[in-house]
Amino acid sequence: MNKRHHSDYDEFTTARCERALVTLLGDIGPWSQRLYLVGGLAPRYIVGSLPTGARSHVGTTDVDLVIGMAVGDESPEAYRTLENNLQKAGFRAESSFRWQKAVEGVTVIVEFLCETDQVEPGRIFKPKEGAGSGLGAVNVRGAQLVARDYVEREIEADRLDGGGSSKVVVRVSNILSYTVLKILAFQDHH
């Protein structure tokens, strides 16, 4: 397990992640309606503005997205299209579920998560493996809760591709689903 210290997180790194999220959501077409932000970037959107004097969230070094996978009814082409759109946005597959992009000399990681009974928790699920799509997601207990408990937030940031500022709507895990996922992740890591 890669342990990090709070000093590894700063506003610049978190801003890069936010820019990656805006670029990704702006480039993946209808798939943006099937992605839910979880992980370290989510608290800033769950909480909104902080009270005066409150310390800001320490931040994050990656973007964790639960993907609403349609196992039976989607054609393999839909997943290939998602992969193609990720590549057009400048992301490269590190593995089937982890995509990366260099931003200002720093690598920003985007990870896809899902919940399914097709593979054991912690394993990689590839919904259309053998049909031309290698896209995968890590099977995470509780991930399906996010689709039932989320908030939509409009965020604006500069795109990573030099395309200027963009606004996107992101679906963010709400406080209950976020907390459940964090508790389950803690249990699984210990």
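Some points to look at:
- Cα-based shape type of the stretch 80-123, given that a ≥ b ≥ c are square roots of the gyration tensor eigenvalues and the cut on a/c is 1.5: oblate
- Alpha-carbon spread of the stretch 86-187, three principal axes, descending order, Å: 40, 36, 24
- Footprinting exposure proxy ranking of Leu113, Leu135, fewest other C-beta atoms within 10 angstrom first, gives Leu113, Leu135.
- Each of Lys182, Lys101, Lys126 has some number of other Cβ atoms within 10 Å of its Cβ, and from fewest to most they run Lys182, Lys126, Lys101.
Since every read-out is calculated from the coordinates, none of them should be taken as a lab result. Since the model is a prediction, treat every value here as computed from it, not as a measurement. Ideal geometry is used to build each Cβ from the backbone, glycine not excepted, and the neighbour counts take in all protein chains shown.
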